[in-house]
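*Asks:* I have a structure I would like to understand better, so I am pasting it below and will then ask my questions one at a time.
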């Protein structure tokens, strides 16, 4: 466990060293352990956090939100994490070379399509069957690009992105403190700083992760992948796969 925690500390203080450590044979297992611990800690934290904090005007939950509810919410997280890894792998591969403005424009367009289709579906402009078919068609180019990613790169990327969640784990303690104080500004500051470091630290780590790449070609794919991850949650809700309370929990905690 000591080696696992030492691996996790690298993500907090030196993302580049964390990326280098991902080449270890045990890196993926260590990252999975850290990710599981993060989910368990998050479930316990959200169970005891008042529903009306930090939003004092939050609506009363439709049902009980005990530990079983939050554990069920956390069961969605591995699926979303797998989607994030897949999106990041595809976008990193697509943007690894070529003229960057063109790569950014095409990536932006590809990321916008699910949102556009979801809007059309919500407005009843297209039926559910057409929505599903178009989403499958949208995914085909991503699958094609993803097939070119070597298995070693998949493993390194999965280990790094899973391990990066230790930033959220580390933020739980200050979040708990400001929650007990009912300090709304402090809570938002902690959450914001943790999110900022996950993005910047993630980009710095991906820059150093083999194969090495310039910072813009690491930051932009990660940003697009995070946007797509949110779009997956929204699309799952629109298709009726995700209850509204689970949607709120996933998006807002």
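*Asks:* Just subtract the alpha-carbon distance of residue 12 and residue 239 from 0.36 nm times their residue separation and send over the number in nm, one decimal.
*Replies:* Taking 0.36 nm per residue and subtracting the Cα distance, the gain is 78.0 nm.
*Asks:* What's the ranking of 102-110, 232-240 by average number of surrounding C-beta atoms within 10 Å, highest first? Mind dumping the intermediate values first?
*Replies:* On the way: 102-110: 14.7, 232-240: 16.4.
Peptide ranking by packing, descending: 232-240, 102-110.
*Asks:* Using a Förster radius of 45 Å, what is the FRET efficiency between residue 189 and residue 215 based on their Cβ-Cβ separation? Nearest 0.05, please.
*Replies:* Calculated transfer efficiency: 0.95.
*Asks:* Pulled fully out, how much extra length does the chain show between residue 99 and residue 71, if you take 0.36 nm times their separation in residues and subtract their Cα-Cα distance?
*Replies:* Using 0.36 nm per residue and subtracting the Cα-Cα distance, I get 5.7 nm.
*Asks:* Name the shape class, rounded, prolate or oblate, that the alpha-carbon gyration tensor gives for the chain, where a ≥ b ≥ c are the square roots of its eigenvalues, rounded holds for a/c under 1.5, and otherwise prolate holds if a/b is larger than b/c and oblate otherwise.
*Replies:* Oblate, since a/c reaches 1.5 and b/c is not below a/b.
*Asks:* Then there is this: Between residue 147 and residue 122, take the C-beta separation as r, use R0 = 30 Å, and let me know the FRET efficiency to the nearest 0.05.
*Replies:* Here the calculated transfer efficiency is 0.40.
*Asks:* Can you compute the modelled spin-label distance between residue 154 and residue 20, with each label point 7 Å from Cα toward Cβ, in nm?
*Replies:* Distance between label points: 2.8 nm.
*Asks:* Could you work out the relative contact order of the range 88-192? I mean the mean sequence separation of Cα pairs under 8 Å and 6+ apart, divided by the number of residues, in percent.
*Replies:* Computed over the range 88-192, the figure is 27 percent.
*Asks:* Students often check this: by mean Cβ neighbours within 10 Å, which of 177-183, 35-41 ranks highest, and how do the rest follow? Let's see the in-between values first.
*Replies:* Numbers: 177-183: 14.3, 35-41: 18.3.
My ranking of the peptides, most packed first, is 35-41, 177-183.
*Asks:* A follow-up question, please. What number, in percent, do you get for the relative contact order of the range 2-252 if the mean sequence gap of Cα pairs under 8 Å and at least 6 apart is divided by its residue count?
*Replies:* So the answer I get is 33 percent.
*Asks:* Still on this structure, please answer the following. Simple spin-label model, 7 Å along Cα-to-Cβ: residue 112 to residue 181 in nm?
*Replies:* Inter-label distance under the simple model: 4.2 nm.
Every number here is computed from the coordinates shown, using simple stated rules; none is lab data. All figures in this text were calculated on a predicted structure; none of them were measured in a lab. Don't worry about glycine lacking a Cβ; one is built from the backbone with ideal geometry, like all the others, and counts go over all protein chains shown.
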